[in-house]
Amino acid sequence: MAKSKVISFTRTDILQITHYSLLITHYSLLPTHHSLLYRFEGMQYTSKISYHNSLNILDKLIDERLKPEANKIQIDGRIWNLFGDNWTVMSVSLSGLSRFVADSSVVNFLQITYEARRILVDCINAYESALVNSSGTNSLIIFKQTFEAVECAIDMQRAVEEYNLNKVDADKILIRIGISYGKILTIGMQDIFGTEVSAANKLSRDTAKTGEILITDSVISRISKMSGISLEKTDSIPPGVTGALKINYDLYQKPVNQIKKQQIISKLKQITDSLADFNISEYDFEIVCWNNSINTPWDLLQVLQNPPDTSIKTQTLDSFFYRKSKNYKELVSYINNNLSNVKVYQIGKDEIQVYIVGQFIDSSIGLLMISRE
């Protein structure tokens, strides 16, 4: 039986409680073992500061800023230096909510939010992205590659369009999407703040119509090489947004390699979720994906931002699973048949992290294995 814990409500705790309440809202509506992929964990552009430590540091800086003699310009600079970076921000909002005003529609609304999250998370999982905030009707996702955010948004709209086929109006999922790009504050990859966050939110909540993808001016130059899409100016620009354009994506076709990559990720997720559902694995799995090749232990240490002298051992996939349960046979076979140069990396001495990493074209795809012991 868990022991009771006395909570002292500091500013840090309030920030944590706010965050945890959002996570509870999100996870309580997701199927069991449905994994969310925070692909930025350990990557070269990830904050080196954990979420808890981030809150502690931020709390101290805000306390300093509140003092009458504080040099706010200097403190603001420190905050931006620690937590600021350029990201593409996507805001996804459910629309058509006036359908659920009656008490009898509450369960139907719950069904819509549940199904929407299931479908949208599957789309998010196919990209290097992080779902940093989710409430009942709105989600915020960040991407390092702007073109991937646009591709993901198109995937989302097409996925719900396919889902809605043969559905009655009350059961249809309707979404609006806003995308912006610029420097924002990311607190431990779990909370985000900034003008671009507000801009993306305003586009999805206040400006976009059902089925639309709107972008700010800051996105245009970053998707100029994408074929099959066109941009159209919108009549309404919300306050605080310099410009808004609609993406027309009817003619967009995803590159074949990208489709295959997403199929591999989806199948790996299906296999590992099955292992978890039937409780036949001593590991939990998280899918990892990088837009560059990882062929050596040092490549992996670099993207994980581990010191070069970190202990790391390498094995083949077959030798790693040789004495383990036959339950992994499908997983091992699928990885060997679809990825090249597959290796198992065991990092650390006391707390060992196990990564299975293989190559697909110029990308790296694999699994982080977390022991259940």
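Output the residues belonging to the stretch 261-279 that are closer than 17 Å to SER333 by Cα, surrounded by fewer than 19 Cβ atoms within 10 Å (Cβ to Cβ) and free of Cβ contacts under 8 Å to residues at least 60 places away in the same chain.
Listed by number, the residues that qualify are GLN263, GLN270, SER274.
When you go through SER98, SER135, SER105, SER93 one by one, which is the residue that is polar (S, T, N, Q), touching a helix residue (DSSP H, G or I) at 6+ places or on another chain (Cβ under 9 Å) and either within 27 Å of ASN248 (Cβ to Cβ) or free of Cβ contacts under 8 Å to residues at least 40 places away in the same chain (or both)?
So the residue among SER98, SER135, SER105, SER93 that is polar (S, T, N, Q), touching a helix residue (DSSP H, G or I) at 6+ places or on another chain (Cβ under 9 Å) and either within 27 Å of ASN248 (Cβ to Cβ) or free of Cβ contacts under 8 Å to residues at least 40 places away in the same chain (or both) is SER93.
Can you find even one residue in the stretch 126-134 that is among the acidic types (Asp, Glu) and either buried (at least 19 other Cβ atoms within 10 Å of the Cβ) or modelled with pLDDT under 85 (or both)?
The answer is yes; a qualifying residue exists.
Is it true that GLY228 is at pLDDT below 90 and at positive phi?
Considered against the rule, which asks whether it is at pLDDT below 90 and at positive phi, GLY228 comes out as no.
Test MET189 against the criterion of being under 15 Å from the mean Cα position of the chain (by Cα) and either surrounded by fewer than 17 Cβ atoms within 10 Å (Cβ to Cβ) or in a loop (DSSP other than H, G, I, E, B) (or both), and give yes or no.
Against the criterion (under 15 Å from the mean Cα position of the chain (by Cα) and either surrounded by fewer than 17 Cβ atoms within 10 Å (Cβ to Cβ) or in a loop (DSSP other than H, G, I, E, B) (or both)), MET189 qualifies.
I'd like the full set of residues that are assigned to a strand (DSSP E or B) and over 16 Å from ILE215 (Cβ atoms), limited to the stretch 155-183.
LYS183
Of the numbered conditions (1) farther than 24 Å from PHE143 by Cβ; (2) within 25 Å of the chain's Cα centre (by Cα); (3) among the aromatic types (Phe, Trp, Tyr), PHE321 satisfies every one except a single condition; which is it?
Checking PHE321 against (1) farther than 24 Å from PHE143 by Cβ; (2) within 25 Å of the chain's Cα centre (by Cα); (3) among the aromatic types (Phe, Trp, Tyr), the one that fails is (2).
Restricting the search to the stretch 358-373, which residues are hydroxyl-bearing (Ser, Thr, Tyr) and outside any strand (DSSP E or B)?
Scanning the stretch 358-373 gives no hits.
How many residues does the stretch 235-260 hold that are outside any loop (DSSP other than H, G, I, E, B) and without any contact (Cβ under 8 Å) to a residue 12 or more places away in the chain?
2
Report yes if ARG117 is surrounded by 19 or more Cβ atoms within 10 Å (Cβ to Cβ), in contact with a Ser or Thr (Cβ under 8 Å, 6 or more places away or on another chain), in a helix (DSSP H, G or I) and of a type outside the set (Ser, Thr, Tyr), otherwise no.
yes
Across the stretch 321-351, what is the total count of residues that are surrounded by fewer than 14 Cβ atoms within 10 Å (Cβ to Cβ) and in a loop (DSSP other than H, G, I, E, B)?
Matching residues across the stretch 321-351 total 8.
Just for the stretch 332-373: of the residues that are out of contact with any strand residue (DSSP E or B) (no Cβ under 7 Å at 6 or more places or on another chain) and of a type in the set (A, V, I, L, M, F, W, C), which one is farthest from ASN257 (Cα to Cα)?
VAL332
Taking the stretch 64-94 on its own, how many of its residues are loosely packed, with under 14 Cβ neighbours inside 10 Å and among the β-branched types (Val, Ile, Thr)?
Qualifying residue count, the stretch 64-94: 1.
Return the pairs, sorted by first residue and then second, in which the second residue is in a helix (DSSP H, G or I) and among the hydroxyl-bearing types (Ser, Thr, Tyr), the first residue lies in the stretch 72-86 and is within 24 Å of LYS144 (Cα to Cα), the beta carbons are less than 9 Å apart, and the residues are 6+ apart or on different chains.
LEU82/SER54; PHE83/SER54
Going by the structure shown, is SER204 surrounded by fewer than 18 Cβ atoms within 10 Å (Cβ to Cβ) and either among the hydroxyl-bearing types (Ser, Thr, Tyr) or modelled with pLDDT of 95 or more (or both)?
In short, no.
The values are calculated or read from the model by the stated rules, or taken from the named source; none is laboratory data. None of the values given here were measured: they were computed from a predicted structure. Please note: Cβ atoms are built from the backbone with ideal geometry, for glycine as well, and neighbour counts cover all protein chains shown.
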